[in-house]
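S.K.: Take this structure first; my questions come after.
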Amino acid sequence: MGGIRTPAAAGLVALAVVVASSCARSAGEAAATAAPPPAVEAVPAREGNLPLVERLSGVARAANQVVLRPEIAGVVAEVAVRSGDTVRNGQALVRLLDDTQQEQLRQARAALRLA
């Protein structure tokens, strides 16, 4: 009636049963050895602001740099420009205390008058 008629068909049915049972065993073993799901915490949503500040570390380098060398040594009395200012050729950047040089000039003029 509805039985298996050939040995080849019977072999295919047997093979299908073996494959199906091994797949079921593999899926069960995989589920048993899989890592447990991660723990999560559910919290209610809330409205608010997030800070828009980022702290970064690094080194800032200027696009153009100039090394300043005074023609004479002295103590700085005044700085005429700020960092980032645009300057022109010949513009005074600092003013030095000139008390010593003024005194030397007076002495030289006095010595010239006496000569």
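The values are calculated or read from the model by the stated rules, or taken from the named source; none is laboratory data. In this text, all values refer to a predicted model and were calculated from it rather than measured experimentally. Using ideal geometry, Cβ is built from the backbone for each residue, glycine included, and neighbour counts are taken over all protein chains shown. The protein model used for the area step is the full one, side chains on, heavy atoms only, and it has no ligands, DNA or RNA in it. Shrake-Rupley method; radii C 1.70, N 1.55, O 1.52, S 1.80 Å.
S.K.: Evaluate the distance, in nm, between pseudo-label points positioned 7 Å from the Cα of ASN49 and of ARG82 along their respective Cα→Cβ axes.
M.R.: 2.7 nm
S.K.: While we're here: Run the accessible area of the stretch 41-115 with a 1.4 Å probe and give the carbon-and-sulfur part as a rounded percent.
M.R.: Values: 4290 of 8260 Å².
Percent of accessible area from carbon and sulfur atoms in the stretch 41-115: 52.
S.K.: Once fully extended, how much extra length lies between ARG106 and ALA60, figured as 0.36 nm per residue of separation less the alpha-carbon to alpha-carbon distance? Let's see the in-between values first.
M.R.: Numbers: separation 46, 0.36 × 46 = 16.56 nm, distance 4.71 nm.
Gain on stretching ARG106 to ALA60: 11.8 nm.
S.K.: Which far-off residues, 5 or more places away or on another chain, put their amide H under 5 Å from the one on LEU96, with H placed in the peptide plane?
M.R.: Here ALA77 satisfy the definition.
S.K.: Continuing with this model, one more query. So what are the ³J(HN,Hα) numbers for the stretch 88-99, from phi and the Karplus equation (6.51, -1.76, 1.60; θ = phi - 60°), rounded to whole Hz, Gly and Pro as x?
M.R.: So the Karplus estimates, Gly and Pro as x, are 9, 4, x, 5, 6, 9, 9, 10, 9, 5, 10, 4 Hz.
S.K.: Based on the mean of other beta carbon atoms within 10 Å per residue, what is the order of 94-107, 46-59, 69-82, most packed first?
M.R.: Values: 94-107: 11.6, 46-59: 4.6, 69-82: 9.2.
Per-residue Cβ counts within 10 Å, averaged per peptide and sorted highest first, yield 94-107, 69-82, 46-59.
S.K.: In nm, what is the difference between 0.36 nm times the number of residues separating VAL67 and ALA16 and their Cα-Cα distance? If you can, show how the numbers build up before the last one.
M.R.: Working: separation 51, 0.36 × 51 = 18.36 nm, distance 8.60 nm.
Length gained, VAL67 through ALA16: 9.8 nm.
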